[in-house]
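These notes are about the structure you will find just below.
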Amino acid sequence: MTTGEWWAYGSAFVVLVGVVGETIADLTTWVRSERRKTILAKGSALVLILGLTGDVVSIRITQLATASLNAEAAQANERARQAEERAANAEAHLGDAKSASAQAERHAAEANEKAEEFRLQITQANEGAAKAEKATEDERMARVKIEERLSKRSLSREQQERIVEKLKPFSGTQYALLVNPTFEAIQLLHTFDDILHSAGWLKEPCSPTIHLQSSNGDVFGMELVSGISIEVADTSPRTLVPAAEALVLALRSGGIQAVATISDAGLKACNVGRISGTPPDANAIHIIVGSKE
């Protein structure tokens, strides 16, 4: 392995250590002391910076090695050209000149062989640089995916206020809520409920036989799904469609991915009014908050 490759693999390992440290500090409860957690987070950040710096050094070392090999190859080619010129001149002479010509040809062959070796080394060096760059990019993408997978969906206070303003034109729209009973999804469901209430939307009770009841007495239907669906039933008034589309666009503006569908799934799962014996209500938009995909 070349020096540049040693640097690349070493830096990759250091970056991995930094990512693991940051993940433990930010996303787990393994370290309970806030002081130690802060020290671990800052130390991991420094290790990550050191690893990324090492990546830059490895790329620079590879570039310098490539430049050196290119220079040597150019010199070898120049020597080959000069040797070939001497061979051509030697062929014009008689007698002893033939011996000089043969010697010059041998030198030319050796120079060409050396140049070919340098070209091979340049190719190998370029391949090493490409591998190092790919490894760096793979590490960055892996870290991004880890962070995305472990982060929770949320809306800041400012985002919630903007969404409320976008939904107020549809004040009076009825809605029902269903949730995949995971901690993260339930938290997001309560945020949606607060937003819709502030926008003047009207919540319909969702009370199937199997349901989830919050500490304040609210009852929500349960659906073991992932992602966020805003559903309008086939039998619902078409006037609900613009409100559903506005809700999807407003959530997306806050970074929450949601889709609007025409489906009876939420209506059947929610079965509004089942406890009281009334039929399901198709006049409500059914909002299903599943687990994070």
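Please treat every number below as a calculation from the coordinates, not as lab data. These figures come from a predicted structure and were not determined experimentally. In this analysis, Cβ positions are derived from the backbone assuming ideal geometry, glycine residues included, and neighbour counts consider all displayed protein chains.
Details
- In a reduced charge model with +1 at each Lys and Arg Cβ and -1 at each Asp and Glu Cβ, segment 36-90 shows a dipole moment near 580 debye about its Cα centre.
- Spin-label pair Val17/Glu110, simplified geometry with 7 Å Cα→Cβ offset, distance in nm: 4.8 nm
- Between the residues Ser101, Ala125, Gln257, the greatest Cα displacement towards the positive end of the dipole of the chain, with unit charges on the Cβ of Lys, Arg, Asp and Glu, is found for Gln257.
- Put in order of Cβ neighbour count within 10 Å, fewest first, the listed residues Ser99, Ser229, Ser263, Ser58 become Ser99, Ser263, Ser229, Ser58.
- Between helix 157-167 and the chain: long-axis angle, C-alpha atoms, 0 to 90°, nearest 10: 60 degrees
- Residue order, fewest to most surrounding Cβ atoms within 10 angstrom, among His286, His190: His190, His286
- Across all Cα atoms of segment 7-147, the radius of gyration (one decimal) and Dmax (whole number) stand at 26.7, 92 Å.
- Helix axis angle, 3-27 relative to the chain longest principal axis, alpha carbon, degrees: 10 degrees
- More than 28 Å apart - percent of Cα-Cα pairs taken over the chain: 62 percent
- Segment 21-78: C-alpha pair distances exceeding 19 Å, %: 55 percent
- FRET efficiency estimate (nearest 0.05) - Cβ-Cβ, Ser226 to Lys203, R0 25 angstrom: 0.60
- Put a dot 7 Å past the Cα of Glu133, heading toward its Cβ, do the same for Lys42, and the two dots end up 3.7 nm apart.
- Against the chain, whose longest principal axis comes from its Cα atoms, helix 183-198 is set at around 60 degrees.
- For the chain, the Cβ-based charge dipole about the Cα centre amounts to some 960 debye (Lys, Arg positive; Asp, Glu negative; other atoms uncharged).
- Remark: spin-label model distance Ala71-Val241 equals 7.1 nm, labels positioned 7 Å along the Cα→Cβ axis.
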